[in-house]
Structure formats: structure tokens, C-alpha cells
Amino acid sequence: MKKIAILGSTGSIGVQTLEVVRSNKDLQVSALAAGSNIQRLEAQIREFHPGLVAVWSEEKAKELRLLVGDLSVRVVSGMEGLLEVCTYPKAEIVVTAIVGMIGIRPTIAAIQAGKDIALANKETLVTAGHLIMPMAEKYGVRILPVDSEHSAIFQCLNGEDRREIRKLLLTASGGPFRGKKRSDLEHIQVEDALKHPNWSMGQKITIDSSTLVNKGLEMMEARWLFQVEPEDIQIVVQPKSIIHSMVEFADGAVIAQLGTPDMKLPIQYALYYPHRRDLPGERLDFWKLTEITFERPDMETFTGLKLAFAAAKAGGSMPTVYNAANELAVSWFLSRRISYLAIPEIIEWCMAEHRVVPNPDVEQILETERQTYELIESRW
């Protein structure tokens with residue numbers, strides 16, 4: 001029986017992780033953490049019977065304690081609660097499926113407690129990869145990627161010598177606005193940006209996919225996961241999301257991982273690595289597929305991707321500025337406070353205003369995030 005803790009259990013990845021648990025009787029949920037969706041969390045508690053649950057606000061925690069008062073579950077709150085879930089003695093692996101830099105401290109705590117990490121919180125490596133990866137090695141902990149693209153690369157590298165990597169090829173669907181020019185994006189509304197052609201995801205990551213910022217974040221995450229330089233990562237638009245990513249090796253061979261666009265595959269692979277289990281669902285039919293096409297990403301229209309490479313090249317605290325500026329800008333766009341094109345504009349302005357901290361520690365990373373938020377608030 002493998003026992004797991006899930007951060008972000010009521011979000012898209014968390015819900016799909018629980019679907020995998022539901023289909024595999026040798027997985028057991030020991031602890032859960034969520035934000036504010038108390039109704040969904042109560043249902044999860046009643047079905048999966050975790051021993052520990054965390055929610056962000058103490059007010060919501062009090063509400064949840066009343067709702068599950070008939071069950072033997074302990075409810076905690078705040079960052080201390082998240083840290084307790086991550087270090088819960090009964091859990092062997094922690095699925096980090098919360099969105100944002102709030103995931104840094106819990107991930108570090110889980111690593112220090114000797115837990116393997118099924119990583120779906122890309123911001124942790126984007127902003128603190130230089131701290132996380134050496135720490136995982138020090139504590140003998142595995143970082144198992146859950147993002148479909150990083151899982152694909154991870155699978156392609158199985159049994160290979162990573163010193164022989166020539167290039168990582170991260171695939172992108174191109175999002176709902178593939179092929180459009182900047183002038184076409186001037187009047188984009190929230191509802192338009194939330195219509196992803198292939199994947200069902202949370203709102204924030206769906207917006208990021210439409211701006212190609214998500215691919216920029218994935219590039220920075222891949223840099224640390226696979227120990228390559230940003231210039232050794234190429235973004236390839238593959239509109240059908242059939243090829244999830246590829247690796248080119250020194251001899252010119254390219255290995256790709258293909259599959260239907262279903263997040264349960266990388267989730268299950270991370271939970272059972274290095275073994276594979278049967279996964280119910282649609283399979284690729286190459287007779288029906290007939291062709292797979294590729295395109296170069298348009299970085300002049302989708303400047304968020306170009307800015308990501310600039311942030312990665314600058315290094316230090318600059319990826320934190322990129323990530324924090326995008327997080328706030330996306331939240332403002334979702335609340336209809338700014339226009340769609342203001343998202344990359346805010347990122348670019350914040351990066352131009354920032355003086356890089358070369359090798360930031362956790363406190364400096366979180367301070368950079370705070371300063372970036374304050375900068376945006378003062379201008380926009």
C-alpha cells in the first residue's frame with residue numbers, strides 16, 4: 001500500500017489524482033490540503049478518509065471541522081498546516097498540485113522529511129530550482145514530474161545517459177489563439193482565453209497556456225529538472241497534443257512520448273514509477289490520426305514566451321519576477337481589471353525594473369515576489 005499526501009486536492013490535478021487513487025486499491029490517501037472549496041473537500045474526506053487535512057484560512061478550517069465532526073480527521077490551517085501535511089509521517093509521497101509560489105516552503109519541508117515529490121507545482125522549480133534540486137539529491141528524494149511535458153521527457157530519458165542529451169523539445173498546443181496576430185488579441189475576453197482546444201485545466205494554467213507563458217514556465221522548470229541550459233530547450237508547436245515532448249541525443253536520435261491528452265497518465269506514472277499500470281481510457285489510433293504537424297512558436301505575438309527565455313538567461317531572482325508578475329496579471333485579467341495584452345506588458349515592465357539577485361535563498365525569493373506585487377500595484 002502506497003500512502004500519499006495531496007496539496008491542492010480540490011483543483012484540477014488534485015481531483016484527477018484522486019481519480020487515479022479511486023482506480024487503484026493499493027493507493028491510500030493519508031493527508032489532503034486545499035484552499036477554500038470546503039464542499040468538495042468534505043466529499044473527498046468522506047470518500048478517502050485521510051487522517052490530516054489542511055485548508056488555508058482558519059475560518060474555513062473551523063467550518064470544515066463542524067462539517068466532518070463525525071469523522072476521525074484532524075483539520076489544520078495556514079502555512080503551518082501545509083507544512084504539517086507535507087511532513088505527515090504516514091505519507092510516502094507528496095503530490096504538490098497547488099498553484100503558485102506558495103508551494104516552495106511545503107516542497108522543501110517534504111524533501112527534508114524524506115518524502116518523494118510528485119511535482120505539479122512548476123513555480124517551485126522556476127523560482128527555486130537552484131535550491132530544490134541539490135536538496136533533493138542531498139536527502140535522497142526523487143522529484144517525479146507530473147506536468148505532461150516533463151513526464152514525457154522523464155519517460156524518454158528512462159535508461160539513457162543524461163550527459164548525452166543534445167536538446168529537449170517541449171511541445172505546445174499553441175492554445176486557443178494559435179495563428180492569430182497581436183492585433184487579433186486586443187479585445188480578447190476571459191471566456192475566449194479559457195477555451196483550451198485540448199486540455200481541461202484550472203483557470204490560471206489555461207490562461208497561461210493561451211499566452212504561452214505556461215510554456216515559458218515549463219522551459220524554466222525543465223532546465224532544473226533535467227540539468228540543461230535554456231538554449232538547449234526548443235519549443236515546438238504540435239497542435240493536437242499527441243506528442244507530449246521529445247529528447248534529441250548526441251547521435252541525432254530523437255525519442256518522443258506520445259499519448260492522448262489525459263493528465264491521469266503522468267500522474268499515475270509518477271505515483272508508481274518505475275512501474276506502469278493499466279489506465280482506463282482512450283488509446284491512440286494511428287490509422288485515424290493519419291498525421292502530426294509541427295510549427296514554430298510565434299514569439300513576436302506571444303511575447304510572454306520570449307520574455308521567459310530572457311528571464312532564464314538572466315537567472316537569479318529574475319525568474320521569480322517573471323512568475324510573480326504573471327501570477328498577479330493573470331488574476332487581474334480573470335477579474336477583468338486589465339486587458340489580455342496587459343499580461344505580457346506587465347511582465348516585461350517588471351523585468352525591466354528589477355535588479356537581479358544572483359543566487360537568492362528562500363527569503364530573498366519570497367521578498368522578490370512581494371516587491372514585484374508592490375511594484376505592479378504602484379503602477380497599474
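The values are calculated or read from the model by the stated rules, or taken from the named source; none is laboratory data. Being a predicted model, the structure only gives us computed values, none of them experimental. Neighbour counts run over all protein chains shown; Cβ positions are idealised from the backbone, glycine included. Each accessible area value is taken on the protein alone, full model and side chains, heavy atoms only, with ligands, DNA and RNA left out. Shrake-Rupley method; radii C 1.70, N 1.55, O 1.52, S 1.80 Å.
A few remarks follow.
- Test: residue in the range 204-211 that is farther than 28 Å from Thr10 by Cβ and among the hydroxyl-bearing types (Ser, Thr, Tyr): no
- Elements of type helices (runs of 4 or more DSSP H) contained in the range 184-230, each with 1 or more residues being open to solvent by 30 Å² or more (accessible area, probe 1.4 Å), closer than 16 Å to Val330 by Cα and in contact with a helix residue (DSSP H, G or I) (Cβ under 6 Å, 6 or more places away or on another chain): 203-211
- Residue list for the range 93-107, filter: over 19 Å from Ile267 (Cβ atoms) and either touching an Asp or Glu at 6+ places or on another chain (Cβ under 6 Å) or β-branched (Val, Ile, Thr) (or both): Gly100, Met101, Ile102, Ile104
- The single condition among (1) under 15 Å from Ser9 (Cα atoms); (2) touching a residue at least 40 places away in the same chain (Cβ under 8 Å); (3) over 15 Å from the mean Cα position of the chain (by Cα) that Leu131 does not meet is (1).
- For the range 137-147, the criterion of a residue being within 16 Å of Pro239 (Cα to Cα) and of a type in the set (Asp, Glu) is satisfied by no position.
- Any hit, the range 254-262, residues being free of Cβ contacts under 8 Å to residues at least 40 places away in the same chain and part of a helix (DSSP H, G or I): no
- Given (1) free of Cβ contacts under 8 Å to residues at least 24 places away in the same chain; (2) assigned to a strand (DSSP E or B); (3) closer than 22 Å to Pro280 by Cα, number of the condition Val95 does not satisfy: (1)
- Test: residue in the range 79-94 that is open to solvent by less than 30 Å² (accessible area, probe 1.4 Å), of a type outside the set (S, T, N, Q) and more than 13 Å from Ala31 (Cβ to Cβ): no
- Residue in the range 149-183 that is nearest to the chain's Cα centre (by Cα), counting only those that are acidic (Asp, Glu) and open to solvent by less than 70 Å² (accessible area, probe 1.4 Å): Glu149
- Residues satisfying the criterion are absent from the range 344-361 (criterion: touching a Pro at 6+ places or on another chain (Cβ under 6 Å) and under 18 Å from Asp208 (Cα atoms)).
- Scanning the range 23-35 for residues that are touching a residue at least 24 places away in the same chain (Cβ under 8 Å) and over 16 Å from Val85 (Cα atoms), we see that the one that is most open to solvent (accessible area, probe 1.4 Å) is Ser23.
- Residue ID - nearest to Phe302 (Cα to Cα), chosen from residues in the range 341-374 that are in contact (Cβ under 8 Å) with a residue 60 or more places away in the chain, in a loop (DSSP other than H, G, I, E, B) and open to solvent by 40 Å² or more (accessible area, probe 1.4 Å): Asn359
- Scanning the range 55-69 finds one or more residues that are surrounded by 18 or more Cβ atoms within 10 Å (Cβ to Cβ) and within 25 Å of Leu125 (Cα to Cα).
- The range 102-148, residues that are touching a Cys at 6+ places or on another chain (Cβ under 8 Å), open to solvent by less than 10 Å² (accessible area, probe 1.4 Å) and either outside any helix (DSSP H, G or I) or hydroxyl-bearing (Ser, Thr, Tyr) (or both): Thr107
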